[in-house]
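Everything below concerns the one structure shown next.
The values are calculated or read from the model by the stated rules, or taken from the named source; none is laboratory data. Bear in mind that the values here come from a model prediction, so they are computed numbers and not experimental data. A quick note on method: Cβ atoms are made from the backbone with ideal geometry, for glycine too, and the neighbour counts reach across all protein chains shown. Protein only, heavy atoms only, side chains kept; ligands, DNA and RNA dropped before computing areas. Shrake-Rupley method; radii C 1.70, N 1.55, O 1.52, S 1.80 Å.
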Amino acid sequence: MTSLFLHAAQLLTLRGPARARRGPELRELGLVRDGAVLTKGSLIVAAGTTDEVTKPLRSRKQAPITEVDCSGKLIAPGFVDSHTHVVFPAPRLDDYERRLSGATYEELARSGGGIRSTVERLRSSTGKELLTLARRWLCEAAAHGSTTIEIKSGYGFELKHELRMLRAAKAAAPRTGVEVVRTFLGAHTIPSEYESKRRAFVSLIIEQMLPQIAKQRAAEFCDVFCDRSAFTVDEARSVLEAARTHGLKLKLHADQLTRTGATRLGVELGATSVDHLDCTNEGDWKALAGSDTIATLLPASNFFLGTPYPQARAMIEAGVAVALATDFNPGTSPTISMPLVMAIACSQMRMSPAEAWVAATINGAAALARADACGSIEPGKRADLAVFAVDDFRAVPYFAGMNLCEMTVCAGRRCRTGYTGS
Ligand code: NIG
Ligand code: FE
């Protein structure tokens, strides 16, 4: 199918090198007025002004083209949400209410709530239930303009359940159109029965889970929650080093609740991204700036927990390649809306709207090692587009909490955004 999206008030191409942007590049949107995009099959064939894109079409005989008039609208690359926990069995509304009356995230975890309660619930959920929910959330993500989403395991604690999560993540993708990238997060927290024998649980992950995850090609990345209430830096190192020998790429939940030094570990191991970074310092930013590791900030989790935001401005000034993602999960970030994340990033972390766009698209793609395939609108890249009912890119973060995405195109096809329960 060939499609022509034309006459957009603004087209954000984000054209440029197929890698993360940092420094002044973080503000370069490749903005085109009266923009058009031509897609053929799953790929982008041309992007530029409507005149530039349509001229060659007039002189040659063409196969039928579906035209989509985007007058008065914004065309942007689909968002690349590079950090989510989409597959979970139920929201944690009791935790939510208790936290609002004073309990902290870590206190809830210690008293029977938190990640462990989600694990318990997941183990008694059927594969069909997990799949139906995952589809529902992917439809929501697409409705808000996301076209590529990373999904982590981590609520299984056992290989069998971790694999069930990763299978549900994969199976949810085709009907919605969104591309799913899978991450094994076997090291999410220590199960209560292993509290006094942590080493045994880490060995279980390394010796039993990782080889199977790799053998079954169930995930492309391996992640560890390295924090005071989860895994130590040494434990994270041993899991990630083992993952690397199995050919998995690396990610880390780093320096979120306390400063553990996980960001430095990520840089040292050549992780594709380190995520959260709420408690990082100048030395950490310097290390990041001198590396290819992406700093993925998840400010919706700070918004939801009421905790201090990561210092995005200082990181950007230090030359760090910053990405934004939702962290969609039942404990710390119950939103899958990238426009809301951009709104929070701008108003609370003082990122500029242009920086937020770059961080949510091409830098998100880099955080999934896909900067050559998606995250910008350029010939040869996958035809992943989000069309917004606004005529200025700044309006997307500005209209906080409103969904102004009108159409999402994944690999050249309109995404399914309405959830019908099947
Ligand atoms: O990214 N920090 C660890 N993991 C998630 C929370 C998961 C949960 O609470 O269920 C996060 O914030
Ligand atoms: Fe997370």
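A straight Cα-to-Cα reach below 30 Å connects Lys197 with the lysines Lys152, Lys160, Lys215, Lys249, Lys251, residues fewer than 8 places away in its own chain not being considered. Computed over the range 171-227, the quotient of the alpha carbon radius of gyration and 2.2 N^0.38 Å is 1.37. Listed values for the range 63-74 are Karplus-derived 3J(HN,Hα) couplings in whole Hz (6.51 cos²θ - 1.76 cosθ + 1.60, θ = phi - 60°), namely 5, x, 10, 7, 9, 10, 6, 10, 3, x, 10, 10, and x replaces Gly and Pro.
Using the Cβ-Cβ distance between Ala171 and Arg414 with R0 set to 22 Å, the FRET efficiency works out to roughly 0.60. Accessible surface area normalised per residue over the chain is 39 Å², counting heavy atoms of protein chains with a 1.4 Å rolling probe.
On alpha carbon coordinates alone, what is the Rg over Rh value for the chain, Rh being the Kirkwood radius?
Ratio value, two decimals: 0.97.
Over 25 Å apart: what share of the alpha carbon pairs of the range 91-230 falls there, rounded to a whole percent?
So the pairs more than 25 Å apart make up 32 percent of the total in the range 91-230.
Taking 7 Å steps out from each Cα toward its Cβ at Arg27 and Ala103 produces label points 4.5 nm apart. Counted residue by residue at 0.36 nm each, then reduced by the alpha carbon distance between them, the extension gain from Glu207 to Lys40 reaches 55.6 nm. Take every Cα pair under 8 Å whose residues are at least 6 apart in sequence, average their separation, divide by the length of the chain, and the relative contact order is 23 percent.
The Kirkwood hydrodynamic radius of the range 201-261, based on inverse pair distances between different Cα atoms, is 11.7 Å.
Seen from a random direction on average, the alpha-carbon convex hull of the range 344-422 projects onto 6.6 square nanometres.
Distances between every pair of Cα atoms in the range 99-173, grouped in 10 Å steps from 0 to the bin holding the largest one, split as 18, 40, 31, 11 percent. Taking the accessible area of the chain, probe 1.4 Å, and keeping the other protein chains in place, the carbon and sulfur fraction comes to 51%. Calculated from the alpha-carbon coordinates, the range 5-56 shows an Rg and a Dmax of 12.2, 36 Å respectively.
Measuring r between the beta carbons of Thr126 and Glu67 and using R0 = 60 Å, the FRET efficiency lands at 0.85.
So what is the orientation-averaged projected area of the range 1-110, using the convex hull of its C-alpha atoms, in nm²? Show your work: numbers first, answer last.
Numbers: hull surface 48.5 nm².
Answer in nm², one decimal: 12.1.
Sequentially through the range 100-107, phi angles give Karplus couplings (6.51, -1.76, 1.60; θ = phi - 60°) of 5, 9, x, 5, 8, 4, 6, 5 Hz, Gly and Pro residues having no value and appearing as x.
Across all C-alpha atoms in the range 270-422, the radius of gyration and Dmax reach 15.7, 49 Å. Could you work out how far the C-alpha centroid of the range 305-367 sits from that of the range 170-232, in angstrom? Distance between centres, Cα-based: 24 Å. With the convex hull drawn around the C-alpha atoms of the range 260-320, the volume per residue stands at 71 Å³.
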